[in-house]
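The values are calculated or read from the model by the stated rules, or taken from the named source; none is laboratory data. What you see is a predicted model, and the numbers here were worked out from it, not measured in a lab. With ideal geometry, Cβ positions are generated from the backbone for all residues, glycine too; neighbour counts draw on all protein chains shown. For the accessible areas, the whole protein counts, side chains as well, though only heavy atoms, and no ligand, DNA or RNA atoms are used. Shrake-Rupley method; radii C 1.70, N 1.55, O 1.52, S 1.80 Å.
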Amino acid sequence: MKDKDYLKDILEIKSIMNKSSRFISLSGLSGILAGIYALAGAIAANYIISNYQIADSPVSVIPISYLEYILISIALLVLALSVISAFILSSKKAKKSGEKLWDATSKRLLINFSIPLFTGGAFSIILYQFGLIGLIAPTTLIFYGLACVNASKYTLGDIRYLGVLNILIGLISTQFIGYGLYFWGFGFGVLHIIYGIVLYNKYDKK
């Protein structure tokens, strides 16, 4: 009987230590919403690219420079909506479970997530500078995947699988230049929705 009590105490201590060292208030719903935003953005971008030129005419409806700005604006809008949704839903989850949203653990998570993410963003700007636009989608997928893997040490371990899959999709998409938007939509859209559903069923329903 005493052995069972000791084992129970050890498991409780382990659980407390795990909670204190990992940010566990990530919301599965925010992952689903991020995926929906990304899919909507990819569909909108594909529609704009496909229709910016009048049929049977060499004249563009939208100048190519404006087209690039529109696509960048769509990407930034998707990012902003995803971040805002994640903040609001994670705040609610943290409040419900009696935890702090901003503490030493969440700071470590943010730092370890941001370093690969901003590095990938900077590298994407360099690719754009040299006209290597076809490599931007693979680059964002790969560096986002690295960010997820790097951050998984400080949050729910499930995010590691999302990261690894995005890295693989990014590497595969380098062999299909010109189809990057489809890979981008699958990685940031479909995978995020699946990840969000798994996360919601595994943690949020408890």
How many lysine pairs does the stretch 29-204 hold where the Cα atoms are under 19 Å apart and the two sit 8 or more places apart or on different chains?
11
If you roll a 1.4 Å probe over the stretch 29-204 with all protein chains in place, what percent of the accessible area is carbon or sulfur?
74 percent
Under a plain spin-label model, where a point goes 7 Å from the Cα along Cα-to-Cβ, how far apart in nm are residue 47 and residue 171?
3.6 nm
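Rolling a 1.4 angstrom probe over the protein heavy atoms, how many square angstrom per residue are accessible across the stretch 112-206?
Numbers: 5050 Å² over 95 residues.
With all protein chains present, the stretch 112-206 gives 53 Å² per residue.
Answer rounded, prolate or oblate for the stretch 29-204, using the Cα gyration tensor with square roots of eigenvalues a ≥ b ≥ c: rounded when a/c is under 1.5, else prolate when a/b is larger than b/c, else oblate. Display every interim value, and only then the final one.
Working: a/c = 2.15, a/b = 1.84, b/c = 1.17.
Prolate.
Going highest first, how would you order 173-184, 149-160, 119-130 by mean Cβ packing within 10 Å? It would help to have the intermediate numbers written out before the result.
On the way: 173-184: 16.0, 149-160: 18.8, 119-130: 13.7.
Ranking the peptides 173-184, 149-160, 119-130 by packing returns 149-160, 173-184, 119-130.
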Simple spin-label estimate for residue 73 and residue 92 in nanometres, 7 Å along Cα-Cβ
3.0 nm
Treating only Lys and Arg (+1) and Asp and Glu (-1) as charged, each at its beta carbon, one finds that the stretch 29-204 has a dipole about its Cα centre, in Debye to the nearest 20, of 780 debye
Given H placed on each backbone N at 1.01 Å, which residues far from residue 155 in sequence or on other chains put an amide H within less than 5 Å of it?
23
For the stretch 33-42, in residue order, the Karplus 3J(HN,Hα) values (coefficients 6.51, -1.76, 1.60; θ = phi - 60°; whole Hz; Gly and Pro = x) are 5, 4, x, 5, 4, 5, 5, 4, x, 5
